[in-house]
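The values are calculated or read from the model by the stated rules, or taken from the named source; none is laboratory data. All values reported here derive from a predicted model rather than from experimental measurement. With ideal geometry, Cβ positions are generated from the backbone for all residues, glycine too; neighbour counts draw on all protein chains shown. For the accessible areas, the whole protein counts, side chains as well, though only heavy atoms, and no ligand, DNA or RNA atoms are used. Shrake-Rupley method; radii C 1.70, N 1.55, O 1.52, S 1.80 Å.
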Amino acid sequence: MSLERDEFKCKHCGQLILDSVFFMMAQKARELAKTPFVITSGYRCPEHNAAVGSTSLNHVSGRAMDIKAVFGPERGRILLGLYLAGFRRIGIAKDFIHADSM
């Protein structure tokens with residue numbers, strides 16, 4: 001199962017800006033992880049980004065994603081897939097993993 005561009009749409013307005021190199025890296029990471037990626041946040045319009053308290057431009061530029069990750073083994077597979085796909089900017093939160101290519 002591959003990622004779909006629609007999964008990265010802004011949850012606030014439905015718009016989508018998605019960097020093609022970032023999207024290809026995300027696809028590769030998912031294949032390597034051998035586990036579904038549930039994208040909880042991809043592109044964010046400036047209004048949505050401000051509403052969640054972010055000043056970073058990684059989501060606004062279409063080069064970031066937050067992946068739902070709650071269980072230990074799932075988190076490990078996602079992290080490994082991201083790393084093997086070339087992501088080096090990875091953040092781990094309580095219930096998601098952030099990755100960006102900024």
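Here is how the numbers come out for the structure above:
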read-out	value
Alpha-carbon centroids, the range 55-85 and the range 1-49: separation in whole Å	10
Residue list for the range 69-90, given a label point 7 angstrom along the Cα-to-Cβ vector of E31 and an amide N cut-off under 17 Å	78, 80-87
Rg/Rh (Cα only; Kirkwood hydrodynamic radius) as it applies to the range 1-48	0.99
Within the accessible area of the range 1-58 (1.4 Å probe), percent carbon and sulfur	56
Ranked order, R63, R44 - accessible area, probe 1.4 Å, largest first	R63, R44
Sequence-distant residues sharing a close amide H with V38 (under 5 Å, placed H)	K68
Interchain or long-range residues, amide H under 5 Å from R89's placed H	D100
Zero-based 10 Å bins, Cα pair distances in the chain, whole percents	17, 53, 28, 2
The chain, helix-only ellipticity at 222 nm - DSSP H runs n ≥ 4, -39,500 (n - 2.57), divided by all residues, nearest 500	-10000 deg cm²/dmol
Under 10 Å, Cβ to Cβ, from G91 - net charge with Lys/Arg +1 and Asp/Glu -1	-1
Nearest 10 degrees, 0 to 90: helix 20-33 Cα axis against the chain principal axis	30
Average accessible area per residue (Å²) across the chain - probe 1.4 Å, nucleic acids and ligands excluded	56
Amide proton proximity set for F96, modelled H, under 5 Å, gap of 5+	A69
